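Working notes, beginning with the structure itself.
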Amino acid sequence: MDVETWKVFWQYVFIAASVLFYGIVIAVAYKGFGDVAQMIRNMAAGRGASESAADSQQE
Amino acid sequence: MHLSWIDYAIVLVYVGGTIVAGTLARGAIKGISDFLVAGRGLKIHMAVATMVSTGLGLVTVMYMAEEGFKYGFVPFVFGLMALITTVIIGRTGFIVSRLRHLQVMTVPEFYELKYTRGVRLLGGIILTLAGTLNMGLFPILGSKFVVGFTGLDKEYVNYVMIGMLLIVVFYTLMGGMVSVVLTDFAQFVLLALGFFFGTFVILNHPQLGWDNLVQAVQVHKGDVGFDPIANPGYGISMILFLFCVGLVGVVWQPEMMRPLSAESPKVARRVFWISSATVMGRAMVPMFWGIAALAYFGNPELDPHYAMPEMLGKILPIGIAGLLMAGMFAAFMSTHDSYLLAWSGVIVRDVVSPIKAMFAKSSGEREADGTWGGLSSEREIYWTRAIVVILAAFLAIFGALYQLPETAFRFMYVTGTIYFAGCVGTVVLGLYWRKANTPGAYCALILGALVPLNFLIMTENQHLVPEFLLPLVENSNLVGITSLVLGGLAMLVVASLTQRSHPPRPLDFSNME
């Protein structure tokens, strides 16, 4: 590839990388918020991480 | 000073919040598996958030930016290779699914299942050596960012480093992996906001913008600032090395702790699949910032560790600067807490505890609480906490004294390869080749570690090296490739020759999800 092609290529790659990154961040932050809230509730109730995990898998 | 009181207030609120979270998490720690792998209860989205946060520390931002500053757009190839390798792992579950299925907490623990306690001990020692050396530059680079970004006098860099380390040590000691996961989630969001606003401001700054950045690279680096194959610092050897290490690098303990903390092998695989979409951005955004620093100052001779944060500190508006600072502080903490926990866990479970078990002549069977007949669960937590403190002290001293032979990025990869190389033979072949056995594992670990260790020591003493070996102390790309090949070959050759004297232990994956 010549240099001009590389320049265009990196621009497209950077755009794609940014879209993928922010897309996943938004989706994960939205869906993971409930899990975090549950973890904090378990901690406040004094439950160990292993106990909470076992309860979660039974559900 | 570049920042206003509003920016500092944002940072203080974040730091206060993490300290509260760390204190709260202490109540969730009832045993060693709670402390090291959060009870293996991580769901997909939390696991992805915490894995991305760990892989995107402030040190990552700094060394990626340094690559962009020094090599232009060429390092973007690292992001491409990372994407390809994480997609492969996410689709196939390569290494990840099988290790999670075996329910190990650390990678050397696998050595005891597959090989012997002696291999685990050697693997633990090499992993500890590689891990602590690799982490040696984290605090000082983080501190340089804070100093450059805030405009503090550079003479304060060591004091800032110690202050930041103290905060990280506090909340890692409190809640182990539980507090790491909680704070990582907040850091994940903050970091992404910092990335977005930082890049947005650069793209819209009158002195910067995409076209100005391209022009700056053309002026200062020429054509090799764009073409990774023609660039003498990269080339095919580096691209190949990045691909191989991307696949094997999954066994790096801080990265592997997330899939090992996942609730099932299936979740572990999906964590990689989802996070694969973020790996390019994680690498390319900081590299882009490094290029922006080159364009902004127009002087390639500047220290890139200070140039990028100084540029950001000058161009970001009030409030956004505070947000980015909090995000970067978060990035500093997310990597340090995970690494401190990972390495101290390895030292205790794979070095101290096996030695105690050997003296106690225990059977070497895994017990119900996840221990192996050495230290009890409570003592493992106690010693893990003690070693977190010792490691933090080592990091402060190392960071203040060590001078880099090449860029920070190369240093990270060479030190990581001390361990990765042995893993080609011991973990990859151990999981997928039935003939992998104990003598092969010893040879793979030792031969794999020799070349990168030789590089780190002999770069300071090149006059002592015979001429035909000089490439192995001058070219870190060659060092990486050679050690990976040696690590794999050692297992293949030695295990093939010793099948009768040392029959391999079989592993059962028949009921794996």
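Give me the number: length gained by fully extending B:V389 to B:N461, i.e. 0.36 nm times residue separation minus the C-alpha to C-alpha distance, one decimal in nm.
On the way: separation 72, 0.36 × 72 = 25.92 nm, distance 3.24 nm.
Separation in residues times 0.36 nm, less the Cα-Cα distance, equals 22.7 nm.
Quick one, what does Rg over Rh come out to for the stretch B:62-161 if you take C-alpha atoms and the Kirkwood Rh? Mind showing how you got there, number by number?
Working: Rg = 19.3 Å, Rh = 17.2 Å.
On the Cα set of the stretch B:62-161, Rg over Rh gives 1.12.
Once the piece of chain linking B:F359 and B:N511 is laid out straight, how much longer is it, given 0.36 nm per residue of separation minus the C-alpha distance between them? Intermediate results must be reported in sequence, preceding the final value.
Details: separation 152, 0.36 × 152 = 54.72 nm, distance 3.53 nm.
Residue separation times 0.36 nm, minus the Cα-Cα distance, leaves 51.2 nm.
What share of all Cα pairs of the stretch B:276-357, in percent, falls into each consecutive 10 Å distance bin?
Values per bin, smallest distances first: 15, 30, 28, 15, 10, 3.
Ordered by residue, what ³J(HN,Hα) values in Hz, to whole numbers, does the stretch A:3-16 give under the Karplus form 6.51 cos²θ - 1.76 cosθ + 1.60, where θ = phi - 60° and Gly and Pro are x?
Along the stretch A:3-16, the couplings run 4, 4, 5, 4, 4, 5, 4, 5, 5, 5, 5, 5, 4, 4 Hz.
Show me the ranking of peptides B:91-98, B:334-341 by mean Cβ neighbours inside 10 Å, starting with the highest. Walk me through the numbers on the way to the answer.
Details: B:91-98: 19.9, B:334-341: 28.2.
Ranking the peptides B:91-98, B:334-341 by packing returns B:334-341, B:91-98.
Ignoring any ligand, DNA or RNA, what whole percent of the accessible area of chain B comes from carbon and sulfur when the probe is 1.4 angstrom? Write down the numbers at each step before the final one.
On the way: 11410 of 17550 Å².
Accessible surface attributable to carbon and sulfur in chain B totals 65 percent.
With contacts defined as alpha carbon pairs under 8 Å and 6 or more residues apart, what's the relative contact order of chain B in percent? It would help to have the intermediate numbers written out before the result.
Numbers: 911 pairs, mean separation 147.3, N = 513.
Across chain B, relative contact order equals 29 percent.
Can you list the lysines whose alpha carbon is less than 20 Å from that of B:K361, not counting same-chain residues fewer than 8 positions off?
B:K114
Using protein heavy atoms only (no ligands, DNA or RNA), what is the total accessible area buried between A and B, 1.4 Å probe, nearest 100 Å²?
Answer for the A-B pair: about 3700 Å² buried.
Which residue, chosen from B:M287, B:F170, B:I236, occupies the Cα position most advanced towards the positive end of the dipole of the stretch B:5-400, where the dipole is computed from +1 (Lys, Arg) and -1 (Asp, Glu) charges on Cβ about the Cα centre?
The residue sitting most towards the positive pole is B:F170.
With θ set to phi - 60°, apply the Karplus curve 6.51 cos²θ - 1.76 cosθ + 1.60 along the stretch B:324-338 and write out the HN-Hα couplings as whole Hz, x wherever there is a Gly or Pro.
5, 4, 4, x, 6, 4, 4, 4, 4, 5, 4, 6, 5, 5, 5
What's the ranking of A:25-37, B:481-493 by average number of surrounding C-beta atoms within 10 Å, highest first?
B:481-493, A:25-37
Mind computing the radius of gyration and Dmax over the alpha-carbon atoms of the protein assembly as shown? Å is fine for both.
Here Rg and the maximum Cα pair distance are 22.8, 71 Å.
If you put +1 on each Lys and Arg Cβ and -1 on each Asp and Glu Cβ, how big is the dipole of chain B around its Cα centre, in Debye rounded to 20? All intermediate terms of the calculation are to be shown ahead of the outcome.
Numbers: 31 positive and 30 negative charges, 343 e Å.
The calculated dipole for chain B is roughly 1640 debye.
Only helical DSSP H runs with n ≥ 4 go in: add -39500 (n - 2.57) per run for the protein assembly as shown, normalise by residue count and round the 222 nm mean residue ellipticity to 500 deg cm²/dmol.
Numbers: 25 runs with 424 residues, N = 572.
Result for the protein assembly as shown, helices only: -25000 deg cm²/dmol.
If I model a spin label at B:L489 and A:I26 as a point 7 Å from the Cα along the Cα→Cβ vector, what separation in nanometres do I get?
Result: 5.0 nm between the two label points.
Give me the residues in the stretch B:215-238 whose solvent-accessible area, probe 1.4 Å, is reduced by at least 20 Å² once all protein chains are included instead of the chain isolated.
Residues shielded by partner chains are B:Q218, B:D223, B:F226, B:D227, B:P228.
Which residues in the stretch B:322-341 have a backbone N closer than 11 Å to a point placed 7 Å from the Cα of B:S4 along the Cα-to-Cβ line?
B:322
Tell me, what is the per residue accessible area of the protein assembly as shown in Å², probe radius 1.4 Å?
Ligands and nucleic acids excluded, the figure is 37 Å² per residue.
Mind checking the dipole of the stretch B:101-164: about its Cα centre, +1 per Lys or Arg Cβ, -1 per Asp or Glu Cβ, Debye to the nearest 20? Don't skip to the end; give the middle numbers.
Details: 5 positive and 4 negative charges, 41 e Å.
For this selection, approximately 200 debye.
With only alpha-carbon atoms counted, please give the Rg and Dmax of chain B, in Å.
Answer for chain B, Rg first and Dmax second: 22.3, 71 Å.
The values are calculated or read from the model by the stated rules, or taken from the named source; none is laboratory data. Here the structure is a predicted model, which is why all the values come from computation and not from measurement. As a convention, Cβ positions derive from the backbone with ideal geometry for all residues, glycine included, and neighbour counts pool all protein chains shown. We work out accessible area using only protein heavy atoms, side chains counted, and drop any ligands, DNA or RNA first. Shrake-Rupley method; radii C 1.70, N 1.55, O 1.52, S 1.80 Å.
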